[in-house]
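The values are calculated or read from the model by the stated rules, or taken from the named source; none is laboratory data. Quantities reported herein were computed from a predicted structural model and do not represent experimental measurements. With ideal geometry, Cβ positions are generated from the backbone for all residues, glycine too; neighbour counts draw on all protein chains shown. These accessible areas exclude ligands, DNA and RNA; they are computed on the full protein's heavy atoms, side chains included. Shrake-Rupley method; radii C 1.70, N 1.55, O 1.52, S 1.80 Å.
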Amino acid sequence: MTLHSSFHFGLVRPLTFGGLCSGKIPLADRFYVGGPGQLRGFMPAGIGPRASRGGSSVPGGDSLGGDLFYTSTLAASVPFPKSISTLRHNGARLFGFVNAGTCVSTTGGASGTVSLLGMPAWNQILKSSRVSVGGGVSVGSPMGRFEATYAVPLRYGPRDARKAVQFGF
């Protein structure tokens, strides 16, 4: 058995150059969290601040991105059973995981984020954290790791875009 863990964190702040530039962070520069590579059980850009309208293909409105995020993973994997030797010979592994993470805006506004000295209050970050558990199959390839997972979000927001079965590189 092998244990795997990861933790990712990001914070983006605008440079205003003494008022010469806008203090707003462009949508393209914000963080978008979700999907099999970050937070399993949620669609890509499936969590975080959302527009009040839009999102016809994704429930909850279009994603606006956040300026602070974290994701963490704890997983355990074992080699594929001997009964299916082709997959085992090619390095396939069965794994179970727990994912946690969030994506918030530290500037307040429509998302309702509380800030403290220009930074989000830690209790707000913890309250907005999402958690999912699940399992899957992974196999290494010359192009990278391929995985198929099934995840169940245990903690999620009412406007989050969730997806149980995912495939990822």
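Quick notes
- Shape class for the range 9-57, computed from the alpha carbon gyration tensor (a ≥ b ≥ c): oblate, with a/c not under 1.5 and a/b at or below b/c.
- Pairwise Cα distances in the chain exceed 21 Å for 52 percent of all pairs.
- Under 10 Å, Cβ to Cβ, from GLY168 - net charge with Lys/Arg +1 and Asp/Glu -1: +1
- Share of carbon and sulfur in the accessible heavy-atom surface of the chain [1.4 Å probe, %]: 63 percent
- The residues of the chain present an accessible area of 58 Å² per residue when probed at 1.4 Å with all protein chains retained.
- Each other residue within a Cβ distance under 14 Å of GLY54 adds +1 if Lys or Arg and -1 if Asp or Glu, for a net charge of +2.
- Given their separation in residues at 0.36 nm each and the Cα-Cα distance between them, LEU27 and ALA76 gain 14.1 nm when the chain is fully extended.
- Largest-first principal axis extents of the Cα set of the range 1-94 (Å): 64, 33, 18
- Bridgeable lysines around LYS163 (alpha carbons under 23 Å apart, same-chain partners fewer than 8 residues away excluded): LYS127.
- Over the chain, relative contact order from alpha-carbon pairs under 8 Å, at least 6 apart, %: 23 percent
- Sorting 75-84, 31-40, 133-142, 148-157 by their mean Cβ neighbour count within 10 Å, with the most densely packed peptide first, gives 31-40, 148-157, 133-142, 75-84.
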